[in-house]
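Novice: After the structure tokens below, expect a handful of questions from me.
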Amino acid sequence: MDAADLHLIMAPTTGKWQDFQGGHTARINQDECSECDLCRDLCRWDAISENYQIDPIECEGCGVCFYFCPEEAIDFPLKTCGEWFISDTRFGPMVHARLGIAEENSGKLVTLVRQEAKKLAEEKNLSLILTDGPPGVGCPVIASIGGASAVLIVTEPTVSGKHDMLRVAQLAAHFKVPAMICVNKFDLNPAETRIIEDIAREKDLTALGRIPFDPIFTKAMVQGQTIFEYDTNSETGGAVKQIWGKINKTLGVNNFRHRQIVESLSG
Ligand code: SF4
Ligand code: SF4
């Protein structure tokens with residue numbers, strides 16, 4: 001959601017879109033302001049200038065000035081922070097969103113996208129929702145895990161990859177969502193890959209497989225394709241299919257083809 005890029009491959013054609021409103025921004029009505037300075041004293045973010053203009057970038061939307069202004073001279077309207085879409089793709093329907101530059105509330109937007117995807121899946125009688133979760137462990141990740149049937153952590157054989165894997169695993173455990181892992185670019189550091197898989201076993205995370213470092217991902221992306229469309233028989237594609245097969249088996253679901261919906265939450 002913060003730097004979503006799945007649409008580059010999915011090439012969605014938008015059928016429906018809507019503004020996303022999240023958070024507020026304060027605005028001083030100069031005609032009603034008595035210039036008492038109280039708002040300037042109270043604002044923790046120094047967002048109000050000496051001539052009582054509020055900097056929309058600095059304003060955190062906390063509402064303190066609005067609630068304490070003795071003249072009720074401050075408006076506090078909801079602001080539009082982005083937009084969300086329901087689109088068609090060559091793989092099925094896709095619910096996705098775009099957050100405005102420097103806008104916050106991405107967790108709230110992720111939650112909205114997930115709710116809309118669920119509604120759509122029910123309407124269309126679709127049995128599977130794939131959520132492309134954001135990297136890291138921030139608020140949008142938390143919003144993308146709650147209520148999921150399972151989480152696949154795609155990690156890499158690096159110190160930060162291992163660290164983030166453990167933190168996402170902790171989050172998944174907190175929400176009681178079973179977590180599985182696969183190691184991307186495993187051949188860049190086979191020793192670290194083995195350590196990651198050992199840790200996964202200790203933590204009861206199902207290790208599903210390894211994906212090699214392969215320029216096919218970049219080549220396919222440049223063509224706006226998946227690696228399976230770019231080359232139907234690549235070795236790397238085979239590794240990814242094997243992982244997908246194990247996920248199907250673990251979750252006990254079959255024949256997803258043409259019955260899936262994709263949410264795009266990140267890059
Ligand atoms: S608190 Fe209200 S009246 Fe006082 S300076 Fe701020 S906007 Fe003006
Ligand atoms: S809403 Fe909060 S951050 Fe924004 S100007 Fe008022 S006090 Fe400052």
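Novice: Taking the 0 to 90 degree range and rounding to the nearest ten, how far is the long axis of helix 235-251 tilted relative to the main principal axis of the chain, both from C-alpha atoms?
Specialist: 80 degrees
Novice: What dipole magnitude, in Debye to the nearest 20, does region 148-196 give about its Cα centre under +1 on Lys/Arg Cβ and -1 on Asp/Glu Cβ? Intermediate values should be presented prior to the final figure.
Specialist: Details: 5 positive and 4 negative charges, 33 e Å.
About 160 debye.
Novice: Also, quick follow-up: In square angstrom, what is the accessible area per residue of the chain with a 1.4 angstrom probe?
Specialist: Values: 15530 Å² over 267 residues.
On a per-residue basis, the chain sits at 58 Å².
Novice: How large is the charge dipole for region 38-110, taken about the Cα centre, if only the Cβ atoms of Lys, Arg (+1) and Asp, Glu (-1) carry charge, to the nearest 20 debye? Write down the numbers at each step before the final one.
Specialist: Numbers: 6 positive and 13 negative charges, 100 e Å.
I would put it at about 480 debye.
Novice: Based on the Cβ-Cβ distance of Glu202 and Ala11, what FRET efficiency does E = 1/(1 + (r/R0)^6) give at R0 = 41 Å, to the nearest 0.05?
Specialist: Numbers: r = 41 Å, r/R0 = 1.01.
Once rounded, the FRET efficiency stands at 0.50.
Novice: Further question: Not counting ligands, DNA or RNA, and with a 1.4 Å probe, what is Thr232's accessible surface area in Å² rounded to the nearest 10?
Specialist: Ignoring ligands and nucleic acids, Thr232 comes out at about 100 Å².
Novice: Find which of Ile9, Cys43, Ala207 sits farthest along the positive direction of the dipole of the chain, computed with +1 on the beta-carbon of Lys and Arg, -1 on that of Asp and Glu, about the Cα centre.
Specialist: It is Ala207.
Novice: Return, in residue-number order, each cysteine of the chain whose C-beta is not under 4.7 Å from any other cysteine's C-beta.
Specialist: Within the chain, the cysteines lacking a partner Cβ under 4.7 Å are Cys33, Cys36, Cys43, Cys59, Cys62, Cys69, Cys81, Cys139, Cys182.
Novice: Let me ask you something else. Under a plain spin-label model, where a point goes 7 Å from the Cα along Cα-to-Cβ, how far apart in nm are Ser149 and Asn51?
Specialist: Distance between label points: 6.0 nm.
Novice: Carbon and sulfur together cover what percent of the accessible area of the chain at a 1.4 Å probe radius? Please report the intermediate quantities before stating the final value.
Specialist: Numbers: 7850 of 15530 Å².
Result for the chain: 51 percent of the exposed heavy-atom area is carbon or sulfur.
Novice: Under the definition of Cα pairs under 8 Å and six or more residues apart, what whole-number percent is the relative contact order of the chain? Spell out each step's value before the answer.
Specialist: Details: 470 pairs, mean separation 63.4, N = 267.
24 percent.
Novice: State to the nearest 20 debye the size of the charge dipole of region 160-256 about its Cα centre, where the only charges are +1 on K and R beta carbons and -1 on D and E beta carbons. Let's see the in-between values first.
Specialist: Details: 12 positive and 11 negative charges, 61 e Å.
I would put it at about 300 debye.
Novice: Let's test the formula: R0 of 35 Å, r as the Cβ-Cβ distance of Arg44 and Ser160. What FRET efficiency results, to the nearest 0.05? Write out the running numbers ahead of the final one.
Specialist: Details: r = 32 Å, r/R0 = 0.92.
The formula returns an efficiency of 0.65 here.
Novice: Using a Förster distance of 22 Å, how high is the FRET efficiency between Ile195 and Glu235, based on the Cβ-Cβ distance and rounded to 0.05? Kindly include the intermediate steps, with their values, before the conclusion.
Specialist: Details: r = 24 Å, r/R0 = 1.10.
Taking R0 as 22 Å, the efficiency between Ile195 and Glu235 is 0.35.
Novice: Would you mind checking region 190-222 for residues with the amide N under 20 Å from a putative spin-label position 7 Å along Cα→C-beta of Gln170?
Specialist: 196-206
Novice: Please count, across region 106-187, the pairs of lysine residues with Cα atoms under 24 Å apart that sit 8 or more places apart or on different chains.
Specialist: Details: Lys108/Lys118; Lys108/Lys119; Lys108/Lys176; Lys118/Lys176; Lys119/Lys176; Lys162/Lys176; Lys162/Lys185.
Final tally of qualifying lysine pairs is 7.
Novice: Hey, another quick one. Give, as ranges by residue number, the residues of region 198-219 whose backbone N falls under 16 Å from the point 7 Å along Cα→Cβ of Lys249.
Specialist: 206-210
Novice: Helix 106-123 sits at what angle to the longest principal axis of the chain, using alpha carbons and giving 0 to 90 degrees rounded to 10?
Specialist: The helix 106-123 is inclined about 60 degrees to the chain.
Novice: So how far, in whole Å, is the C-alpha centre of region 180-194 from the one of region 1-40?
Specialist: Measuring centre to centre over Cα atoms gives 40 Å.
Novice: Order Tyr67, Tyr52 by their accessible area, 1.4 angstrom probe, all chains in place, largest first.
Specialist: Per-residue accessible area, sorted high to low, gives Tyr67, Tyr52.
The values are calculated or read from the model by the stated rules, or taken from the named source; none is laboratory data. Given the structure is predicted, the values throughout are model-derived calculations rather than measurements. A quick note on method: Cβ atoms are made from the backbone with ideal geometry, for glycine too, and the neighbour counts reach across all protein chains shown. Just the protein is used for accessible areas: all its heavy atoms, side chains included, with ligands, DNA and RNA removed. Shrake-Rupley method; radii C 1.70, N 1.55, O 1.52, S 1.80 Å.
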